[in-house]
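Working notes for the structure below.
Please treat every number below as a calculation from the coordinates, not as lab data. Just so you know, these numbers come straight off a predicted model, no measurement behind them. Please note: Cβ atoms are built from the backbone with ideal geometry, for glycine as well, and neighbour counts cover all protein chains shown.
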Amino acid sequence: MCQCNCHGPKSDLSLLDDVLKEYAGSSSNLITILQKAQNIYGYLPKDVMYCIADKVGITPADVMGVATFYSQFRLTPIGKYLIMSCQGTACHVNGSERVTAAISEYLGIGNGETTADGLFTLENVACLGCCSLAPVIMINGEAYGNLTPDSAVAVLKGIQEKEGK
Amino acid sequence: MRIVIGEGSCGIAAGASKVHKAIEAVMTANEPFSLGSTGCIGMCFLEPIVDLYDGKTLLRRLVKVTADDAVSIVEAARSGDLSKVDSITISAEDEEFLNRQTRIALRHCGLIDPVSLDDYREADGYQALEKALKTMTPEQVIEEIKISGLAGRGGAGFPTWFKWNAARQSVSDTKYLICNADEGDPGAFMDRAVIESDPHSLIEGMLIGAYAIGACEMIVYVRAEYPLAIANLEIAIAQAKKANLLGENILGTGFSCDMRIKAGAGAFVCGEETALIESLEGKRGMPRLKPPVPAQKGYMDEPSNINNVETFANVSWIINNGGEAFAAMGTENSKGTKVFALTGKIRKGGLVEIPMGKTLRDVIYGIGGGIRDNKEFKAVQMGGPSGGCIPKELLDTFIDYKALAATGAIMGSGGMVVMDESTCMVGMAKFFLDFTALESCGKCVHCRIGTARMQEILTRIVKGEGKDGDIELLEELCEAVKDGALCGLGQTAPNPVLTTIRYFRNEYEAHIKEKKCPAKECVDLLTYSIDAEACRGCTLCAKKCPAHAISGAVKQAHVINSEACIRCGQCVNSCRFGAIIVE
Ligand SMILES: Cc1cc2nc3c(=O)[nH]c(=O)nc-3n(C[C@H](O)[C@H](O)[C@H](O)COP(=O)(O)O)c2cc1C
Ligand code: SF4
Ligand code: SF4
Ligand code: SF4
Ligand code: FES
Ligand code: FES
């Protein structure tokens, strides 16, 4: 077990054991370790990063440096539904800004923020690879294409209904 | 009969999986046909697509299929009476989209089951590997690639044989062959389609490259946003290992080589080869100073060779058909074919592979069917954040590395985003600068600060706060950033600005001098008013306006208070009489 005495909520570090056993041997696996950790915790809690630094044998600053360099890594918890809103070129040309603005306005959150009820997190991304269906958003891995501001909001309303909110 | 559903990422996004489930649901235990899936057919504008085959012969291609069509599809396949699906059969005009292409890198895409090694083998798969390993020396492989004229498809267009040869010449027991599948250009998806739809061709192409340079391990760096590509490639690697196509003593030839996947973590600069190597080593993806080039000192300080997915996808075809057959296509300095991802305001968006030497017009009009909604073509963006916008006057430019570079754009990796009259070119330049300023790794001052300053200037121009001299200031900054940047990201970041200034200077001037956006896209520069003649006084717009900026009595002409108007555009959408004027 890690002995780090960092502040903030305590994470269950034992969940990391298997990942560390397989990858902690080399610092070249750091990104893979962080990806797996994020899959486990939904984000990268501070104590988890300290623990990884300790086991890999690098400084917490090294871990933090990598975690903040790549856009995939999140340092705060996310909502139940992660909305990835494409801001790529094809989506831009086809009106993604208005779609994102409508989502933002409807949920009252900006890029990187989470709704108070913990249901949605909005994240702007560069391209989802479905450019010919632009504008595109992806919610928990499912892509929605050819959106308009109204149809995007309708998708969110559908989810809210399903969740009874 | 076989029913085959196109289930690449974009097919799935369009609803292909729902169609698959719906067909399954109406099938009974003993049907006289089978149901399968394939990858990207590349006709994204017609997705979801369902193909009906008799053996290898395509009987019908059904397009824009929905779950509601499941019953008629199954009935047609059962009875053989294809008239039941006439209403969803592809039109003769749309068939031309594929007929006008020459597919080499995409040769199996949409034809085989991506996760079936048997399918790949039947389509001549792994014959090139066998030929190379058993009948050719590594030098002969490199020579064949040299004859083919194959150049890197990742953007720079560097001759592939030259890089392979340099890596071959480097002396070391441990060498690496790396595939760049980071596909960072936002708006491009050629590489995703190849990996998802034909993962074995990437493995085969890489194995031939590994043999040529003498590598002991192959690594594929795939962007994390491509989960299906990663999944299919993982399956293909496992199949290849089992079939002794990967690992120790491949096909009994004594050649050994392993393969693994590394998922990227979202950083555009990691597409640059030295940054990619840093990232593979678990570090922040910041480019290294060259030399030493990767062929001398790359991953883990060992000789490494990096190529793009599409580059590798051409290799086994070249070995099978000979370098000369490949070089027979194209122009003096650009050989073979190139894949483009055609998107934007195009009628028929999708994947297009054509021989080099065709014109942009051939792609955009001949294959893509021109501009959507009867609008005017304005420009095509090629090469993403490193590229530029090519205007209408240059539509007859050849697809050729040199000819495209002469326009100020680049061939790039294959993103082709088409724009119409409603796209603001200053806004486009700002869009790319926002992107590169965000993605700059921060190592060099010119790129880090220079892109931020350019972004600031462009932001003030689109807000109507541009000043005299801003264009000249931008041009000066562009030159400074180009000269002072360490890697390609910074060196090419000015291209979108320079090309838009070069071809659309009038739009910059309209923003700066007249405070107008000719494309009517820059919100801050628009004014909304009501044409008193056309207005019927229906009050709809007044009810819709979130800012309560519209007033007027019933059946009287309405007016907009421009002080209160927040330029949201809702009134335009609500007026059925076209009375709202936007300027
Ligand atoms: C900022 C930047 C981003 C790049 N992104 C990619 C990419 O996403 N995919 C790619 O294959 N090459 C990319 N490249 C080019 C690579 O550095 C490298 O030239 C290429 O992978 C070599 O393969 P090739 O010779 O087969 O083209 C990028 C270069 C720069 C400067
Ligand atoms: S040019 Fe930009 S991205 Fe490239 S190394 Fe310099 S700061 Fe980093
Ligand atoms: S643009 Fe929006 S705010 Fe302005 S008048 Fe129309 S509806 Fe009202
Ligand atoms: S919606 Fe059109 S016609 Fe009706 S009041 Fe407004 S401007 Fe006039
Ligand atoms: S640009 Fe939006 S999916 Fe590619
Ligand atoms: S069919 Fe796969 S990219 Fe559109």
Task: Dipole moment magnitude, nearest 20 debye, chain B about Cα centre, only Lys, Arg, Asp, Glu C-beta charged - done: 900 debye
TODO: Mind pulling up the Rg/Rh value for segment B:50-197? Radius of gyration and Kirkwood radius, both on Cα.
DONE: 1.09
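Averaged over peptide A:20-33, how many Cβ atoms belonging to another chain are found within 10 Å of each residue's Cβ? Intermediate values should be presented prior to the final figure.
Details: counts 0, 0, 0, 1, 0, 0, 3, 3, 8, 3, 4, 12, 4, 1.
Across A:20-33, the average partner-chain Cβ count within 10 Å equals 3.
Which of the chymotrypsin sites (Phe, Trp or Tyr not before Pro) found in segment B:480-581 are loop residues per DSSP with 15 or fewer other Cβ atoms within 10 Å of their Cβ? Mind showing how you got there, number by number?
Working: sites: B:TYR503, B:PHE504, B:TYR508, B:TYR528, B:PHE577; in loops: B:PHE577.
Counting only loop positions with at most 15 other Cβ atoms within 10 Å, the chymotrypsin sites (Phe, Trp or Tyr not before Pro) in segment B:480-581 are B:PHE577.
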Open item on the list: So if each residue of separation counts as 0.36 nm, and I subtract the Cα-Cα distance between B:ARG460 and B:LYS131, what length gain in nm does that give?
Closed with: 112.4 nm
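Count the DSSP beta bridges whose two residues both fall in chain B, then state the antiparallel fraction as a percent rounded to the nearest 5.
55 percent
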Open item on the list: Compute the angle between helix B:16-26 and the longest alpha-carbon principal axis of chain B, please, reported from 0 to 90 degrees and rounded to the nearest 10.
Closed with: 70 degrees
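Quick check on the exposure proxy: order B:HIS548, A:HIS92, B:HIS511 from fewest to most C-beta atoms within 10 angstrom. It would help to have the intermediate numbers written out before the result.
Numbers: B:HIS548 11, A:HIS92 24, B:HIS511 29.
Listing B:HIS548, A:HIS92, B:HIS511 from fewest to most nearby Cβ atoms yields B:HIS548, A:HIS92, B:HIS511.
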Task: Dipole of segment B:405-557 [Lys/Arg +1, Asp/Glu -1 at C-beta], most positive-end residue of B:LEU474, B:MET416, B:ALA553 - done: B:ALA553
Task: Label-reachable residues, segment B:470-487, where backbone N falls under 19 Å from a point 7 Å from B:LEU289's Cα toward its Cβ - done: B:482-487
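At 0.36 nm per residue, and after removing the present C-alpha to C-alpha distance, how many nm does the segment from B:SER422 to B:VAL559 gain when stretched out fully? Don't jump to the answer; show the numbers that get you there.
Details: separation 137, 0.36 × 137 = 49.32 nm, distance 2.56 nm.
Between B:SER422 and B:VAL559, full extension yields an extra 46.8 nm.
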- [ ] Cross-chain or 8 or more residues apart, Cα under 30 Å: how many lysine pairs in segment B:34-161 fit that? Count them up, please.
- [x] 6
Task: Theoretical gain in end-to-end length, B:ASN99 to B:ASP54 [0.36 nm per residue, Cα-Cα removed] - done: 14.2 nm
Task: Packing-based exposure ordering (other Cβ within 10 Å, fewest first) of B:HIS200, B:HIS446 - done: B:HIS446, B:HIS200
Task: Radius of gyration, Dmax [chain A; alpha carbons; angstrom] - done: 18.1, 52
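Give the shape of segment A:66-138 as rounded, prolate or oblate, defined through the alpha-carbon gyration tensor: a ≥ b ≥ c are the square roots of its eigenvalues, a/c under 1.5 means rounded, and otherwise the shape is prolate if a/b is larger than b/c and oblate if not. If you can, show how the numbers build up before the last one.
Numbers: a/c = 2.28, a/b = 1.28, b/c = 1.77.
Oblate shape, in that a/c is at least 1.5 and b/c is the bigger or equal ratio.
What FRET efficiency do you get for A:GLU161 and B:GLU248 if R0 is 51 Å and r is their Cβ-Cβ distance, rounded to the nearest 0.05? Numbers along the way, then the final one.
Values: r = 56 Å, r/R0 = 1.09.
Once the sixth-power term is evaluated, E becomes 0.35.
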- [ ] Would you mind listing how long chain B runs along its three principal axes, going by Cα atoms, in whole Å with the largest first?
- [x] 87, 67, 41
Open item on the list: Per DSSP helix of 4 or more residues, -39500 (n - 2.57); summed, then divided by the residues of chain A. What does that give at 222 nm, rounded to the nearest 500?
Closed with: -12500 deg cm²/dmol
Task: Fraction of antiparallel bridges per DSSP, the protein assembly as shown only, in percent to nearest 5 - done: 55 percent
Task: Neighbour-count ranking [beta-carbon atoms within 10 angstrom, fewest first] of B:MET425, B:MET454, B:MET329 - done: B:MET329, B:MET454, B:MET425
TODO: Distance check, please: which entries in A:LYS36/B:LYS283; B:LYS467/B:LYS515; B:LYS392/B:LYS513; B:LYS463/B:LYS515 exceed 19 angstrom between their Cα atoms?
DONE: B:LYS392/B:LYS513
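Efficiency by 1/(1 + (r/R0)^6): what FRET value for A:GLU113 and B:ARG453, r their Cβ-Cβ distance, R0 = 30 Å, to the nearest 0.05? Numbers along the way, then the final one.
Working: r = 28 Å, r/R0 = 0.94.
FRET efficiency, A:GLU113 to B:ARG453: 0.60.
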TODO: Give me the distance between the Cα centres of segment B:1-59 and segment A:64-124, rounded to whole Å.
DONE: 33 Å
TODO: Measure off 7 Å from each Cα along the Cα-to-Cβ vector at A:ASN146 and B:SER116, then give the distance between these two points in nanometres to one decimal.
DONE: 2.9 nm
Task: Given charges at Cβ of Lys, Arg, Asp, Glu: segment B:186-305 dipole, positive-most of B:PHE189, B:TYR221, B:THR274 - done: B:THR274
Task: In nm, spacing of pseudo-spin labels at B:ALA480 and B:GLU514 (7 Å Cα→C-beta vector) - done: 3.1 nm
- [ ] Could you please state, rounded to a whole Å, how far the C-alpha centre of segment B:88-113 is from the C-alpha centre of segment B:194-273?
- [x] 26 Å
Task: Surrounding net charge for B:ALA263, when Lys and Arg each add one and Asp and Glu each subtract one, Cβ distance under 12 Å - done: +1
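Between rounded, prolate and oblate, where does segment B:117-327 land on the alpha carbon gyration tensor, with a ≥ b ≥ c its root eigenvalues, rounded for a/c under 1.5, else prolate if a/b exceeds b/c? Don't jump to the answer; show the numbers that get you there.
Details: a/c = 1.41, a/b = 1.18, b/c = 1.20.
The shape class here is rounded.
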- [ ] Mind listing the long-range amide H neighbours of A:ASN124? Cut-off is under 5 Å, sequence gap 5 or more, other chains count too, H placed in the peptide plane at 1.01 Å from N.
- [x] A:SER85, A:GLY112
Open item on the list: How far apart, in nanometres, would the label points at A:ILE40 and A:ILE58 be if each is projected 7 angstrom from Cα along the Cα-to-Cβ direction?
Closed with: 1.8 nm
- [ ] Pull out a ≥ b ≥ c, the square roots of the eigenvalues of the alpha-carbon gyration tensor of the protein assembly as shown, then state rounded if a/c is under 1.5, prolate if not and a/b is larger than b/c, and oblate in the remaining case.
- [x] rounded
Open item on the list: Give the residue list of GluC sites (Glu not before Pro) in segment B:475-563 that are DSSP loop and have at most 14 other beta-carbon atoms within 10 angstrom.
Closed with: B:GLU533, B:GLU563
Open item on the list: Could you order the peptides A:109-117, A:33-41 from most to least packed, using the average number of other C-beta atoms within 10 Å per residue?
Closed with: A:33-41, A:109-117
Task: Neighbour cut-off at most 11 other Cβ (10 Å), DSSP loop, trypsin sites (Lys or Arg not before Pro), segment B:1-80 - done: B:LYS56
TODO: Report ³J(HN,Hα) in whole Hz for each residue of segment B:257-271, in order, from the Karplus equation J = 6.51 cos²θ - 1.76 cosθ + 1.60 where θ = phi - 60°; Gly and Pro get x.
DONE: 6, 10, 9, 9, 10, 10, 7, x, 10, x, 7, 4, 5, 5, x
- [ ] Choose one of A:LEU156, A:CYS91, A:ASN124: the residue whose Cα lies farthest towards the positive end of the charge dipole of segment A:81-162 (beta-carbon charges +1 Lys, Arg; -1 Asp, Glu; about the Cα centre).
- [x] A:CYS91
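In debye, nearest 20: dipole of segment A:13-67 around its Cα centre with unit charges on the Cβ of K, R (+) and D, E (-)? Can you show the working numbers first?
Numbers: 4 positive and 6 negative charges, 15 e Å.
About 80 debye.
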